[in-house]
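S.K.: Can you read through this structure? Questions will come right after.
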Amino acid sequence: MKHFSFSLIAFCLVAACTNKQEMVRPEIESISESVYASGIVKSKYQYEVFSTTNGLIQKILVTEGDLVKKGTPIIWLLNEASLLNTENARLAADFSAVSANHDKLDELKANIELARVKMMNDSLLLARQRSLWSNQIGTLVELEQRELAYSNSSTIYKTTVFRYSELEKELNFAAQQSTKNFQITKAIRNDYIIKSEIDGKVYSLLKEKGELVSPQSPIAVIGDANKFIIELQVDEYDIAKIKPGQKVFVSMDSYKGKVFEAKVNKIYPMMNERSRSFKVDADFVTQPPTLYPSLTAETNVLIRIKEKALTIPKNYLLDNVFVLMKNNERRRVTVGLQNYEKVEILSGLTVDDIIINPIQ
């Protein structure tokens, strides 16, 4: 009798354990495959502002949160040498200008006119002497003297004209050269006025007045005031599945319980070797009403959807190839699409089968 009671209790315990096992049947439903990626919110066209030269910050012309137009001065850098060079170049340009050297040209013009008059006069005297000589009047020496005087005055005239032409060329060259030098020094001087490259908002100022800046360190962060993107980090294992135009479902701690839609816009081809991930940009389709750069986001990139798929819960799958049947049989299955909840069964099960959760 005692033996019967012990057997009955053991049977009841086994039955109770069996009753606690979770069982399901495969279902016909749609299943989607997606890739998880973490990300951060960035302002569209967001960039870090760098100086192209070394210098001390003389004045900061904006504050964080200010809206700026393209070309708006943001920061003035101080460099006395640049100021002096610019002023010297301006003085040199003014001094070398053709208009400032008209007196030299006018002097040569006057000399040309005098040389021309003398040459014409010597020409007339030579013609008269030749006429007299043809009539046996005068001497050969007088004729030769007139010819020599005309030759000399003609040479002086030509030389004076040549000197005028050369001086004009020299003055024009010097004026152009000094003007170019002035433009170069002005351009260098403009490097000390840091301007915005876009219409946008100043999100961050990274330096203070009096600090030294260099081309290696950022000074500020500027981006679009209204449009934002999500910068995703996609694992190298998943990057081959990502294509431009794919839907992205975005959730953020700033908007608990809400999901926003975006789409893949750009895939950067260079992998980050440290994190073994690729950078992917996604544009919001439905953008939250208020956003700030550097907000964190969790996303799922929708790869594909299959209708009328045979699915089971993902936690019922063993080693990605087996399921546990009701009779404790380990049956091999072929899987298809998967997400974090469900897995598609391509072969090995039917809707009539019952499988057991292997993790009780």
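Please treat every number below as a calculation from the coordinates, not as lab data. None of the values given here were measured: they were computed from a predicted structure. No Cβ is skipped: glycine too gets one built from the backbone with ideal geometry, and neighbour counts run over all protein chains shown.
S.K.: From the C-alpha gyration tensor of the chain, pull out the three semi-axes of the equivalent ellipsoid (sqrt of 5λ each), sorted largest to smallest, in whole Å.
M.R.: 97, 26, 15
S.K.: Rounded to two decimals, what is the ratio between the C-alpha radius of gyration of segment 266-326 and 2.2 N^0.38 Å?
M.R.: 1.78
S.K.: Place a label point 7 angstrom from the Cα of Ser294 along the Cα-to-Cβ direction, then list the residues of segment 36-54 whose backbone nitrogen is under 20 Å away.
M.R.: 38-51
S.K.: Now a separate question. Starting from the Cα-Cα distance between Met271 and Leu78, subtract it from 0.36 nm times their residue separation and give me the gain in nm to one decimal.
M.R.: Once the chain is fully extended between Met271 and Leu78, it gains 65.5 nm.
S.K.: Still on this structure, I have one more. Would you grab the residues whose amide H sits under 5 Å from the one on Leu318? Only those 5+ places off in sequence or on another chain, please, with H modelled 1.01 Å from N.
M.R.: Val323
S.K.: Here's something else I'd like to know. Treating only the Cβ atoms of Lys and Arg (+1) and Asp and Glu (-1) as charged, compute the dipole magnitude of the chain about its Cα centre; round to the nearest 20 debye.
M.R.: So the dipole magnitude of the chain works out to roughly 700 debye.
S.K.: While we're on this one: Using only Cα atoms, locate the centre of segment 196-220 and the centre of segment 116-135, then give the distance between them in Å, rounded to an integer.
M.R.: A separation of 81 Å, based on Cα centres.
S.K.: Right, here's the next one. Using a basic spin-label model with each label point 7 Å from the Cα along Cα→Cβ, how many nm lie between Val259 and Phe173?
M.R.: 7.6 nm
S.K.: While we're on this one: Please list the non-local residues whose amide H lies under 5 Å from the amide H of Gln46, H modeled 1.01 Å from N, same-chain partners needing a gap of 5 or more.
M.R.: Those lying under 5 Å, H to H, from Gln46 are Asp224.
S.K.: Compute the signed sum of charges (Lys and Arg +1, Asp and Glu -1) over the other residues within less than 12 Å, Cβ to Cβ, of Arg146.
M.R.: -2
S.K.: Kindly provide the helix-only [θ] at 222 nm of the chain, computed as the sum of -39,500 (n - 2.57) over DSSP H runs of four or more divided by all residues, to the nearest 500 deg cm²/dmol?
M.R.: Counting only the DSSP helices, I get -12000 deg cm²/dmol.
S.K.: Kindly put Val49, Val335, Val117 in sequence by how many other C-beta atoms sit within 10 Å of each C-beta, fewest to most.
M.R.: Exposure proxy ranking, most exposed first: Val117, Val335, Val49.
S.K.: Tell me, what ³J(HN,Hα) does each residue in segment 151-158 have, in order and in whole Hz, if you take phi through Karplus 6.51 cos²θ - 1.76 cosθ + 1.60 with θ = phi - 60° and put x for Gly and Pro?
M.R.: Using θ = phi - 60°, the values come out as 4, 5, 5, 5, 5, 4, 5, 5 Hz.
S.K.: Relative contact order of the chain, please, whole-number percent, based on alpha carbon pairs below 8 angstrom and at least 6 residues apart.
M.R.: In percent, rounded to a whole number, it is 30.
S.K.: Around Lys227, under 13 Å between beta carbons, what's the net of Lys plus Arg minus Asp minus Glu among the other residues?
M.R.: Cβ neighbours under 13 Å give a net charge of -1.
S.K.: Among Ser347, Thr299, Trp133, whose Cα sits farthest toward the positive end of the charge dipole of the chain (+1 at Cβ of Lys/Arg, -1 at Cβ of Asp/Glu, about the Cα centre)?
M.R.: It is Ser347.
S.K.: Assuming R0 = 56 Å, can you tell me the calculated FRET efficiency for the pair Ala127 and Ile193, based on Cβ-Cβ distance, to the nearest 0.05?
M.R.: Calculated transfer efficiency: 0.20.
S.K.: Then there's this: Less than 17 Å apart at the alpha-carbon level, and either on another chain or at least 8 residues along: which lysines does that give for Lys104?
M.R.: Counting by Cα, and skipping residues close in sequence, Lys104 has these lysines nearby: Lys169.
S.K.: Determine the relative contact order of segment 290-360: mean sequence separation of Cα pairs under 8 Å and six or more apart, normalised by residue count, in whole percent.
M.R.: 32 percent
S.K.: List the residues whose amide H sits under 5 Å from the amide H of Ser196, counting only those 5 or more places along or on another chain, with H placed 1.01 Å from N in the peptide plane.
M.R.: So Ser196 has HN proximity to Gly71, Thr72, Ile74.
S.K.: Treating cross-link reach as a plain straight distance, find the lysines whose alpha-carbon is under 19 Å from the alpha-carbon of Lys118, omitting any fewer than eight places away in the same chain.
M.R.: Hits, sequence-local ones excluded: Lys109, Lys158.
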